[in-house]
Amino acid sequence: MRRGRLLGIYTIVYLVFLFAPIALLPIFAFNDAAIIAFPLAGFSTRWFERLWTTPALHQALQNSLFIATVTAVLATLLGTCAARAASMARFPGKRAALGFIMLPIALPEIVIAVALLIVIRQVFDLPLTNWSVIAAHTLICVPFSIAILNGAFAALDPSLEEAAMDLGESRWSAFRLVTLPLVMPGIVSSLLICFIISMDDFVLAQFLTGANPTLPVYIYSLTRFVDSLPLIMALGTILVTLSLTLLVIAEWFRRRGAARAGLKTSGGLL
Amino acid sequence: MTALIELKGIHKHYGDYHALRGIDLEIRKGEFFSLLGPSGCGKTTLLRTIAGFEAPSQGTLRIDGRDMQGVPANLRPTNMVFQSYAIFPHLSVAQNVAFGLRRDPRPREQKARAVADALEMVGLGGYGGRAAHALSGGQRQRVALARALILQPKVLLLDEPLSALDKKMRETMQVELIKLQRNVGITFILVTHDQEEALIMSDRIAVMFEGEIAQMADPETLYRRPNSRRVASFIGKMNFLEGRVDEAGERILVDVAGLGRGEVSPEQAPAGATPGPTTFGVRPETLSIVYPGEEPQGRVAPGIVDEVVYYGDMTYYDVRIEGVAEPLTISMKNLMGRPVLDVGTPVGVIWDEKSLVVLSR
Ligand SMILES: Nc1ncnc2c1ncn2[C@@H]1O[C@H](COP(=O)(O)OP(=O)(O)OP(=O)(O)O)[C@@H](O)[C@H]1O
Ligand SMILES: [Mg+2]
């Protein structure tokens, strides 16, 4: 009994610790005061209105959306190839190769950022653009994409593709007609997760962004001005809502995929 | 009559592992051919080589006179029923069956009729609209069959298609498969590790061990005249007796330890006979027991009942005979008025030299 009670208290404290700061976002986003402090001053949507009329923000949002979309597509494309190879192909050094691909998960982002900065500026002497951010984001997203898609591919019976070939299809059309539809929920899930990761990233973008900042970098630049804090709160509210929605959709797709292949769900992010 | 499928000196290496070690095989048109062997002997590898999923490391494969080297699976006149059935879970039953017709130029309605006919043939008429992932094992197996047969392949390859089914279902499907094969007249190559299944279904059987064919024959020959101890013990129950071949000229004279001397025909030595020590095989049903009050007919050896296993229609006795290393297993029909004997009963064992097989060492 006592242990159960302690565990309950621990869970509550933990959840409060985790989510209270985030819960503050919408509270102050709708608060009618420029200062972040209690007591609240009344309901207002003026911060959201100001977001609407800030051109620099729109530019940052556009950059972020572009980067996130391209990153999601690239990382998922690479992740699909890698996950398929991991589950179906046999080749020497497979485990080592996969280990290296998964490594960026464990590396500090700042290390990746500095390393890429040196490669781009010093070694190749290229300018920093949205594409340098895309390269960095793809690097850190691929492991996540593989982790998501591994589940989808590992659940597939390898003889399905062979059966399609046996029935007259070429290797590619067997993949397209059988494997692709079966892993499609995993692919959608991977696209969404990579999109979120890219949208949320600050460290890599801060180092590698070109003349136009991404959204998180822009938000960071706003924090220098005290009176724009509620603005950040409003923006944060939008981003959190967006992220959570995408995450839920991604998980829904993953589960649906598992159910369609007649499997029990295991792993995944939610 | 030339062979439909012809394998010559097929070898397959997986890295260091030598999975197929020189397979020579000819399969005739319309034949029901089985590959029988224990797990890991290379049956699936051989089947996949014929289907085009594995390239042999050495040797030639011809189907219908055409060399299959470099011909991918999708261009071979073979179709396969996979061990896992490989039913496409995202498609309906009808879509599964119609999968191979994608490149077929016939109009839509004709194809739909072909699908319906194929489903009818395997006893799944009216199931076309069902979701494939919701089918039972037996139904999946039928869908896999229909999907392969609709393409009217020259050869249908079946990799342990019945092993996932329960005993009852398996027996039903065995009979149905035989009927189906006779109706469609397509050459079937069946992989199985179930000797009974192979005996029931096949016109000819190749018994494989460790990547080699140990014996290839029709079921009766295989059962009655196995050429080695390995084959004999893999197919049915066989008693092994030590002894020697005394003379192997025009007449083959043998001496079986514990039973006595006799003469055997050349057919009884499928692997040949050379004078010297050898092993003999004798099937349980070719031996019999003298019951109290019966007149023994033939040659009798005295023994003592060592073990009794009652099967209802049959009883299996293990009888110890002096001079024979292992007790001999004898199967007896439980006829009216024939009692089941107790352990320890002294009995006579009737044997016949004609039922002996001389096995290669
Ligand atoms: N792709 C592969 N790579 C390496 N070894 C393999 C491969 N495929 C099969 N083998 C090996 O070759 C041997 C024969 O395999 P195969 O699948 O042909 O056996 P099988 O007779 O079908 O057995 P089972 O009855 O268990 O299905 C096995 O020892 C197996 O481990
Ligand atoms: Mg096998």
Fill in: FRET E, pair A:Leu242, A:Tyr10, Förster distance 41 Å, beta-carbon r, rounded to 0.05
0.85
Worksheet entry | Reduction of at least 50 Å² in accessible surface, 1.4 Å probe, comparing all protein chains with the chain by itself, residues of the range A:158-204 | A:Leu160, A:Glu162, A:Asp166, A:Leu167, A:Glu169, A:Leu177
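Explain nothing, just the number: relative contact order of the range B:3-224, from Cα pairs under 8 Å at least 6 residues apart, as a whole percent. List each step's numbers first, then the result.
Working: 431 pairs, mean separation 63.8, N = 222.
Result for the range B:3-224 is 29 percent.
Suppose all protein chains stay in the model; what accessible area per residue would a 1.4 Å probe give for the protein assembly as shown, in Å²?
Per-residue value: 51 Å².
Please report the antiparallel percentage of DSSP beta bridges with both residues in the protein assembly as shown, rounded to the nearest 5. Walk me through the intermediate numbers first.
Working: 64 of 83 bridges.
DSSP beta bridges in the protein assembly as shown are roughly 75 percent antiparallel.
Rounded if a/c is under 1.5, else prolate if a/b beats b/c, else oblate: with a ≥ b ≥ c from the C-alpha gyration tensor eigenvalues square-rooted, which is the range B:67-171?
Working: a/c = 1.89, a/b = 1.11, b/c = 1.70.
It comes out oblate by the Cα gyration axes.
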Discussion item. Give me the residues in the range B:116-153 whose solvent-accessible area, probe 1.4 Å, is reduced by at least 30 Å² once all protein chains are included instead of the chain isolated.
Written reply: B:His133
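Given the alpha-carbon gyration tensor of chain B, what are the semi-axes of its equivalent ellipsoid in whole angstrom, ordered largest first, with each equal to the square root of 5 times an eigenvalue? Could the numbers behind the result be given before it?
Numbers: eigenvalues 428, 134, 48 Å².
After diagonalising the Cα gyration tensor, the semi-axes are 46, 26, 15 Å.
Could you sort out which of A:Lys94/B:Lys8; B:Lys43/B:Lys154; B:Lys43/B:Lys168; B:Lys154/B:Lys179 sit more than 28 Å apart by Cα distance in this structure?
Values: A:Lys94/B:Lys8 34 Å; B:Lys43/B:Lys154 20 Å; B:Lys43/B:Lys168 25 Å; B:Lys154/B:Lys179 17 Å.
Distance filter (> 28 Å) returns A:Lys94/B:Lys8.
Suppose we flag GluC sites (Glu not before Pro) only when DSSP calls them loop and at most 11 other Cβ atoms lie within 10 Å. Which is the longest uninterrupted stretch of chain B?
On the way: sites that count: B:Glu250, B:Glu322.
The answer is B:1-249.
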Item to complete: With the full set of protein chains in place, find how many percent of the accessible area of the range B:76-136 is carbon and sulfur; take the probe as 1.4 Å.
Response: 49 percent
Discussion item. Whole percent per 5 Å bin, from 0 to the bin with the longest distance: what is P(r) over all C-alpha pairs of chain A?
Written reply: 1, 5, 10, 12, 13, 14, 12, 11, 9, 6, 3, 2, 1, 0, 0
Item to complete: List the residues whose amide H sits under 5 Å from the amide H of B:Val347, counting only those 5 or more places along or on another chain, with H placed 1.01 Å from N in the peptide plane.
Response: B:Gly303, B:Ile304, B:Val305
Fill in: Percent accessible area from carbon and sulfur atoms, the range B:226-361, protein chains only, probe 1.4 Å
51 percent
Worksheet entry | At least 10 Å² of accessible area lost relative to the chain alone, listed for the range B:84-112 with a 1.4 Å probe | B:Ser84, B:Ala86, B:Phe88, B:Pro89, B:His90, B:Phe99, B:Gly100, B:Arg102, B:Arg103
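For the range A:111-270, what class follows from the C-alpha gyration tensor (a ≥ b ≥ c being the square roots of its eigenvalues): rounded when a/c is under 1.5, otherwise prolate if a/b is larger than b/c, else oblate? Could you put the intermediate results ahead of the total?
Numbers: a/c = 3.54, a/b = 1.74, b/c = 2.04.
Judged from the Cα gyration tensor, the range A:111-270 comes out oblate (a/c at least 1.5, b/c at or above a/b).
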Item to complete: Sticking with the crude label model, points 7 Å out along Cα→Cβ, report the distance from B:Asp203 to A:Arg95 in nm, one decimal please.
Response: 4.8 nm
Practice prompt. Collect residues whose amide H, placed 1.01 Å from N in the peptide plane, falls under 5 Å from the amide H of B:Ser288; neighbours closer than 5 in sequence don't count.
Written response: B:Ile350
Discussion item. Buried accessible area between B and A (1.4 Å probe, both chains summed, ligands and nucleic acids excluded), in Å² to the nearest 100?
Written reply: 1900 Å²
Worksheet item: Which lysines have a Cα less than 24 Å from the Cα of B:Lys354, not counting those fewer than 8 places away in the same chain?
Response: B:Lys237, B:Lys333
Worksheet entry | Computed label-point distance, nm, for sites A:Cys81 and B:Ser233 using a 7 Å Cα→Cβ extension | 5.3 nm
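Taking trypsin sites (Lys or Arg not before Pro) as candidate sites, keep only those in a DSSP loop with at most 15 other Cβ atoms within 10 Å, then name the longest stretch of chain A containing none of them.
Working: sites that count: A:Arg90, A:Arg224, A:Lys264.
No qualifying site falls inside A:91-223, the longest such stretch.
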Response to the item:
Once amide hydrogens are built 1.01 Å from N within the peptide plane, the residues lying 5 or more places from B:Ala214 or on another chain with amide H under 5 Å from its amide H are B:Val207, B:Met208, B:Phe209
Fill in: Intensity falloff of the protein assembly as shown expressed as log10 I(q)/I(0), Debye formula with alpha-carbon point scatterers, at q = 0.05, 0.10, 0.12 Å⁻¹
-0.42, -1.01, -1.21
Worksheet item: Could you give P(r) for the range B:226-361, binned at 10 Å from zero, as whole percent values over all Cα-Cα pairs?
Response: 13, 43, 32, 12, 1
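Taking all pairs of different Cα atoms in the range B:1-129, averaging 1/r and flipping that mean, what Kirkwood radius in angstroms comes out?
Values: mean 1/r = 0.0588 Å⁻¹.
This gives a value of 17.0 Å.
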Worksheet item: How far apart, in nm, are the 7 Å Cα→Cβ label points at A:Arg255 and B:Glu322?
Response: 7.9 nm
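Go ahead and run the numbers for FRET between B:Lys29 and B:Val308, Cβ-Cβ distance against an R0 of 41 Å, rounding to 0.05. Could the numbers behind the result be given before it?
On the way: r = 49 Å, r/R0 = 1.18.
The value I calculate is 0.25.
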Discussion item. Once R0 is set to 22 Å, what does the formula 1/(1 + (r/R0)^6) return for the Cβ-Cβ distance between A:Thr53 and A:Thr129, expressed as a FRET efficiency to the nearest 0.05?
Written reply: 0.20
Worksheet item: Within the range B:317-361, whose backbone N sits under 13 Å from a point 7 Å along Cα→Cβ of B:Glu285?
Response: B:331-334
Item to complete: Identify the trypsin sites (Lys or Arg not before Pro) of the range B:77-153 meeting these criteria: DSSP loop state and at most 16 other C-beta atoms within 10 Å of the C-beta.
Response: B:Arg102, B:Arg103, B:Arg130
Worksheet item: Mind checking which helices in chain A clear 30 Å along their axis (Cα) and have mean Kyte-Doolittle hydropathy of -0.5 or more, DSSP H runs only?
Response: A:2-29, A:55-88, A:130-154, A:229-260
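The values are calculated or read from the model by the stated rules, or taken from the named source; none is laboratory data. Quick caveat, the model's predicted, so the values are computed rather than measured. All Cβ positions, glycine included, derive from the backbone under ideal geometry; neighbour counts span all protein chains shown. Calculation scope for accessible area: heavy atoms of the full protein, side chains included, ligands and nucleic acids excluded. Shrake-Rupley method; radii C 1.70, N 1.55, O 1.52, S 1.80 Å.
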